[in-house]
1. Tell me which lysines have Cα within less than 17 Å of Lys54's Cα, excluding those fewer than 8 residues away on the same chain?
2. Run the simple label-point estimate for Gln252 and Met287 please: 7 Å along Cα→C-beta, distance reported in nm.
3. In debye, nearest 20, what is the charge dipole magnitude of the chain about its Cα centre with +1 on Lys and Arg Cβ and -1 on Asp and Glu Cβ, if you could check?
4. What's the extension gain from Lys151 to Gln201 if we count 0.36 nm per residue and subtract their Cα-Cα distance?
5. Where does each of 100-107, 439-446 land if you order them by average Cβ count within 10 Å, highest first?
6. Averaged per residue, what accessible area in Å² does the chain show with a 1.4 Å probe, protein chains only?
7. Taking θ = phi - 60°, what integer Hz values does the Karplus form 6.51 cos²θ - 1.76 cosθ + 1.60 yield along the range 89-104, in sequence order, with x for Gly and Pro?
8. Between Arg217 and Leu316, with labels modelled 7 Å along Cα→Cβ, what's the label distance in nm to one decimal, could you check?
Amino acid sequence: MNSIRFQLLVPRTTTPIHQTALSCLNHNLASTAVSSISETNPSLPYRIAEDLVKTLPNLLSNCTNILHLDQVYAHIVRTRFLEVYPAPFHWNNIIRSYTRFNAPIRALNIYIAMSRAGVFPDCYTLPIILKASCQCFDINVGRQLHSIAIKVGLELNQYCESGFINLYTKAGEFENAKKVFDENPERKLGSWNAIIAGLSQSGRAKEAIDMFLDLKRSGFLPDDVTMVSVTSSCGSLGDLELALQLHKCVFQAKSFEKSDILMLNSVIDMYGKCGRMDLALSVFSRMEEKNVSSWTSMIVGYAMHGHVEKALDCFLCMREVGVRPNNVTFVGVLSACVHGGKMEEGKIYFDMMKNVYGIRPTLQHYGCMVDLLGRAGLLEEARKMVEEMPMKANVVIWGCLMGGCEKFGNVEMGEWVAKHLQELEPWNDGVYVVLSNIYASKGLWRQVERVRGIMKQRKLAKIPAYSLATSSD
């Protein structure tokens, strides 16, 4: 994507990868189109194009997969619909449909075709294309789109402006995001929401709160989108006093025109991270509508603070009312099992996740299981799970297994785990410290001296307040 260039809205070159992708797409579309449209009557495509004007939006919205959408687009190309009706509205619908199926390269290719047809983007086109740029993590394309927005006078449009802020914050270019934000003295609430959300999602919670206070000083009233980002930042800070104040703002931002479930879920999560599960439960119990995120926030909150039975009871109630758990729900459930030492229950829930709900385990799920087995002394079973994982174990998983080795003094496995940790983080002294402790627990003082010698030779010293993540009690 880095080589896609725009000159007067027309691309000059594409990389070989994208040429291949585009040629394959064109081949598939053409082959489908040939069977779809009769070529016996030259005027037929134009008559069909007229019929498509009313049906096209429904055709695109009813597409259930990318192949179906390719077939619809092939039909559009063969009928020359976009030649007869070149309005940006129709191009926008097609591009939006491809972004809906997370096909950003195809969406960008449609935009290139739109540019080559001489159709200029409008205030709805650029936000859609910016979304596609974010989906493929290509900041360079985003910058070129920013130039196009300036050329056509859309850089201060509220939808485009918030789109550019979102793009730059996701790329970590906060200075550019702030420049876009500051350049418009008549910015709308959407721009405030975009920069607050970008800061919050990037872990810059304090800055997000400060920006929220600036929003209030500027006379804006926050909406539900604002409050979701701000309460998330407050949860990251763990500031209970601020949380209580923000809860009042949530009531003020409540709208009777749309559901407030996202805001309330965020409040539950905020109180949970601040350590007040009683307040989280109060919000949860008063909710008229609850979804999987509502239940998951409660389960994760209970698990985080060691309320094992409450977390598992909440999960049971969730299943009884017919709410289907997701992968995050099971992270909370397995974490509760780890805190409570419930090994058998953990195995049951892990199998339930895979076999009953068809959820593929992630590193977090495997990490919980390895930690659970390690704490229970089932080190060989934990090792087998690590070796049979479909993905490579990360430092956290190896650290959990190392903690089990330290707890039960397993020298052989500790040495095996230490080799993997050294490969992943050769600069981390924690693995040497834990390995030295394992040797010391077995009275292997020569090995202890050898490890300390290695640390001295490599000039590794214990970093204050930095430890290897292990699970030993």
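1. Hits, sequence-local ones excluded: zero.
2. Result: 2.4 nm between the two label points.
3. Computed charge dipole of the chain: roughly 820 debye.
4. Stretched fully, the Lys151-Gln201 segment lengthens by 14.9 nm.
5. Ranked from most to least packed, the peptides come out as 100-107, 439-446.
6. 51 Å²
7. Calculated HN-Hα couplings, in order: 3, 6, 4, 4, 4, 5, 4, 4, 5, 5, 5, 4, 9, 6, 10, x Hz.
8. With each label point 7 Å from Cα toward Cβ, the separation is 5.2 nm.
The values are calculated or read from the model by the stated rules, or taken from the named source; none is laboratory data. This structure is a prediction, so every number in the text was calculated from the model and none was measured. So basically every Cβ, Gly included, is an ideal-geometry build from the backbone, and we count neighbours across all protein chains shown. Ligands, DNA and RNA are stripped out before the accessible areas are found, and what is left, the full protein with its side chains, is counted by its heavy atoms. Shrake-Rupley method; radii C 1.70, N 1.55, O 1.52, S 1.80 Å.
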